[in-house]
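Just so it is clear, none of the values below were taken in a lab; they were calculated from the coordinates. In this text, all values refer to a predicted model and were calculated from it rather than measured experimentally. Using ideal geometry, Cβ is built from the backbone for each residue, glycine included, and neighbour counts are taken over all protein chains shown.
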């Protein structure tokens, strides 16, 4: 099986690419190594997770349509897993062009090429951010009238609309993956759990935005990767073209204060928390309805947060990792 994985130096992308390679697929990886967070971390993921496998790595920017067309027309994959994006909800308006270039232009380019060259299946990263502050909890994929409260969330909802529209009456099936707060080793250093663990181990202050009452449906990386692979296999088994979206979350939410407590339980030290004003782009709660994921794959994410965060702590506490993370924020 030939697979293209974009955003392959990223947190989820690197581990999805590794899993496909381990299953015997011929994998082509794409990443532009942007500097939203440490490029050293991204290259370290490639070195540790992807080298010495059946993988071709192409460094390119998906905003370049000619390069995208050339790659897809020459590789003709059976599946594209598009995980490249400008991540995070907190970029200021002055930097919103990064969302446009990656999440809209780059997304449109690879989607158009996918349809043009008849790639059968296209899976892409959407986000729980599309639900905004919906009062309808847990969030179901069938909910209408979604109102994201961040530019990032709006671009992800736009991706879903574009995918459904462009793939209609084509040979390509599309599936949006609404990820719910994926965490784990090799994660993004801008995320709260990563900042907590690294701050505790390095003796740094942790800046908490708001009072810690925000709740998130935390999804451990291994569970997320398993869901991506299973959803791709289910798409391949389909004999008709369609477009849908699927929540990738386990339906277990925890507050940020609970997360702080779990982190503190891992060490005799205590996290020094500095409270800051809440940010208007942070949604109050995320909680996935996992019934569609279970219907399609027979499984849902099951790793509980205390177990998963302990694995993050053990990974971060390795001497070589602890030395590197000093430069990753």
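Between the helical axis of 151-167 and the longest alpha-carbon principal axis of the chain there is an angle of about 20 degrees.
Taking each residue as 0.36 nm, the span from residue 146 to residue 190 lengthens on full extension beyond its C-alpha to C-alpha distance by 13.2 nm. For the chain, the mean residue ellipticity at 222 nm estimated from helices alone is -11000 deg cm²/dmol, where every DSSP H run of n ≥ 4 contributes -39500 (n - 2.57) and the total is divided by all residues, rounded to the nearest 500. Label positions at residue 278 and residue 70, each projected 7 Å from the Cα along the C-beta direction, are separated by 5.0 nm.
Figure the gain on full extension for residue 230 and residue 264 (residue separation times 0.36 nm, minus the Cα-Cα span) and round it to one decimal in nm. Please report the intermediate quantities before stating the final value.
On the way: separation 34, 0.36 × 34 = 12.24 nm, distance 3.45 nm.
Once the chain is fully extended between residue 230 and residue 264, it gains 8.8 nm.
For the stretch 1-143, what class follows from the C-alpha gyration tensor (a ≥ b ≥ c being the square roots of its eigenvalues): rounded when a/c is under 1.5, otherwise prolate if a/b is larger than b/c, else oblate? Here the stretch 1-143 falls in the rounded category. Remark on the stretch 125-278: hydrodynamic radius 17.4 angstrom, per the Kirkwood mean of 1/r across alpha carbon pairs.
Angle of helix 11-22 to the longest C-alpha principal axis of the chain, folded into 0 to 90 degrees and rounded to 10: 60°.
With Cα atoms defining each centre, the stretch 216-234 and the stretch 306-329 are spaced 22 Å apart in the structure.
Compared with the dominant principal axis of the Cα atoms in the chain, helix 65-75 is inclined by about 70°. For the stretch 178-220, rounded, prolate or oblate, judged on the Cα gyration tensor with a ≥ b ≥ c (square roots of eigenvalues), a/c < 1.5 rounded, else prolate if a/b > b/c? It comes out oblate by the Cα gyration axes.
Taking square-rooted eigenvalues a ≥ b ≥ c of the alpha carbon gyration tensor, is the chain rounded, prolate or oblate, where a/c under 1.5 means rounded and, failing that, a/b exceeding b/c means prolate? Walk me through the numbers before you get to the answer.
Numbers: a/c = 1.64, a/b = 1.38, b/c = 1.19.
Taking the square roots of the gyration eigenvalues as a ≥ b ≥ c, the chain is prolate.
Taking Cα pairs under 8 Å and at least six residues apart, what relative contact order does the stretch 108-161 come out at, in percent?
Working: 40 pairs, mean separation 19.0, N = 54.
That works out to 35 percent.
Computed on the stretch 19-136, with alpha-carbon pairs under 8 angstrom and 6+ residues apart, the relative contact order is 28 percent. Working from label points 7 Å from Cα in the Cα-to-Cβ sense, the residue 242 to residue 317 distance is 4.6 nm.
Assuming R0 = 35 Å, can you tell me the calculated FRET efficiency for the pair residue 205 and residue 47, based on Cβ-Cβ distance, to the nearest 0.05?
Values: r = 31 Å, r/R0 = 0.88.
For residue 205 and residue 47, the calculated efficiency is 0.70.
Each Cα pair under 8 Å and six or more residues apart adds its sequence gap; the mean of these over the residue count of the chain is a relative contact order of 18 percent.
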